[in-house]
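Trainee: A single structure is presented below for examination.
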Amino acid sequence: MQKISTCLWFDGQAEEAAQFYTSTFDNSSMGPATPGPGGKALTVEFEIEGRQFMGLNGGPMFRFNEAVSMVVHCGSQEEVDRYWDALLSGGEESQCGWLKDRFGLSWQVVPTAMAGLLNGPDREGSQRAMEAMLKMRKLDINVLQKAYDGG
């Protein structure tokens, strides 16, 4: 068991969210649900890519906002596309690789190449890559690389 794990507050959708997340990411699984009132689970434990989470059906008092987001590090454009499309289903896209899924949880779908482009040795290239990123919704590695290279 992890020393620190994440609890996500839902309004009756914890099991549905856990099923969605574990079907979206490889190396994921769901644990047992704790029974709650009205036949819904009070909590459900799940694991995504080795990280432990608990979904809590806590009610409508609290909602997700952009102050907390999940970051998905992607090694290729195909991976960016896959996770972007899956997580966006029923949700809403935002700027610079951010989106909200259908449960309102914010995600950043980010290519691992971003670090080298935004913090590369060519400061002007990094600035161009940043300017290109600020115009995007889903991040495009080729467009970012071309901006960095000056093309």
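The values are calculated or read from the model by the stated rules, or taken from the named source; none is laboratory data. For clarity, every value in this text was computed on a predicted model and none was experimentally measured. Cβ sites come from the backbone with ideal geometry, for glycine too, and all protein chains shown count toward neighbours. Each accessible area value is taken on the protein alone, full model and side chains, heavy atoms only, with ligands, DNA and RNA left out. Shrake-Rupley method; radii C 1.70, N 1.55, O 1.52, S 1.80 Å.
Trainee: Can you tell me which residue in the range 73-91 is nearest to the chain's Cα centre (by Cα), limited to those that are under 17 Å from Thr112 (Cβ atoms) and without any contact (Cβ under 8 Å) to a residue 40 or more places away in the chain? Outline the logic, then answer.
Mentor: Here is the first cut: in the range 73-91, the residues under 17 Å from Thr112 (Cβ atoms) are 73-84.
So of that shortlist, the ones also without any contact (Cβ under 8 Å) to a residue 40 or more places away in the chain come out as 73-75, 78-79, 82.
Details: His73: 9, Cys74: 11, Gly75: 15, Glu78: 16, Glu79: 12, Arg82: 12 Å.
Checking each candidate, the answer is His73.
Trainee: Follow-up. When the residues of the range 11-43 are narrowed to those that are part of a strand (DSSP E or B) and open to solvent by 50 Å² or more (accessible area, probe 1.4 Å), which ends up modelled with the lowest pLDDT?
Mentor: If we filter the range 11-43 for residues that are part of a strand (DSSP E or B), which is where we start, we get 28-35, 41-43.
So of that shortlist, the ones also open to solvent by 50 Å² or more (accessible area, probe 1.4 Å) come out as 29-30, 32, 34-35, 42.
Working: Ser29: 98, Met30: 97, Pro32: 89, Thr34: 95, Pro35: 93, Leu42: 97.
Among those that are part of a strand (DSSP E or B) and open to solvent by 50 Å² or more (accessible area, probe 1.4 Å), it is Pro32.
Let's see how each residue does on (1) assigned to a loop (DSSP other than H, G, I, E, B); (2) open to solvent by 20 Å² or more (accessible area, probe 1.4 Å); (3) within 14 Å of Glu15 (Cα to Cα):
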{"site": "Glu45", "(1), (2), (3)": "no, yes, yes"}
{"site": "Phe62", "(1), (2), (3)": "yes, yes, no"}
{"site": "Glu79", "(1), (2), (3)": "no, yes, no"}
{"site": "Tyr83", "(1), (2), (3)": "no, no, no"}
{"site": "Cys96", "(1), (2), (3)": "yes, yes, no"}
{"site": "Trp107", "(1), (2), (3)": "no, no, no"}
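Trainee: Using the structure shown, decide if Gly55 is among the small types (Gly, Ala, Ser) and on the phi > 0 side of the Ramachandran plot. I'd like the intermediate steps shown before the answer.
Mentor: Numbers: among the small types (Gly, Ala, Ser): yes; on the phi > 0 side of the Ramachandran plot: no.
Against the criterion (among the small types (Gly, Ala, Ser) and on the phi > 0 side of the Ramachandran plot), Gly55 does not qualify.
Trainee: Does Met136 fit the bill of being within 18 Å of Thr22 (Cβ to Cβ) and at pLDDT 95 or above? Lay out the reasoning, then the answer.
Mentor: On the way: within 18 Å of Thr22 (Cβ to Cβ): no; at pLDDT 95 or above: yes.
No.
Trainee: Looking only at residues in the range 119-151 that are of a type in the set (S, T, N, Q) and free of Cβ contacts under 8 Å to residues at least 40 places away in the same chain, which one is least open to solvent (accessible area, probe 1.4 Å)? Explain how you work it out, then say what you get.
Mentor: The first filter runs over the range 119-151 and keeps only residues of a type in the set (S, T, N, Q), leaving 119, 126-127, 142, 145.
Those still in the list that are free of Cβ contacts under 8 Å to residues at least 40 places away in the same chain too: 119, 126-127, 145.
Details: Asn119: 114, Ser126: 5, Gln127: 98, Gln145: 71 Å².
Once the filter is applied, the top-ranked residue is Ser126.
Trainee: I need the full set of residues from the range 47-59 which are under 13 Å from the mean Cα position of the chain (by Cα) and exposed (fewer than 14 other Cβ atoms within 10 Å of the Cβ), in order please.
Mentor: Within the range 47-59, Glu49 is the sole residue that qualifies.
Trainee: Same structure, new question: Against the conditions (1) open to solvent by less than 70 Å² (accessible area, probe 1.4 Å); (2) in a loop (DSSP other than H, G, I, E, B); (3) free of Cβ contacts under 8 Å to residues at least 12 places away in the same chain, where does Gly116 fall short? Just the number, please.
Mentor: (2)
Trainee: Is there a residue in the range 83-90 that is more than 22 Å from Asp149 (Cα to Cα) and among the charged types (D, E, K, R)? Give the steps one after another, and end with the answer.
Mentor: Quick first cut of the range 83-90, residues more than 22 Å from Asp149 (Cα to Cα) only: 83-90.
Within this subset, residues satisfying the condition of being among the charged types (D, E, K, R) are 85.
Yes - at least one qualifying residue is present in the range 83-90.
Here's the yes/no breakdown for (1) over 21 Å from Gly104 (Cβ atoms); (2) in contact (Cβ under 8 Å) with a residue 60 or more places away in the chain; (3) within 13 Å of the chain's Cα centre (by Cα):
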| residue | (1), (2), (3) |
| --- | --- |
| Phe10 | no, yes, no |
| Tyr21 | no, no, yes |
| Met61 | no, no, no |
| Met70 | no, no, yes |
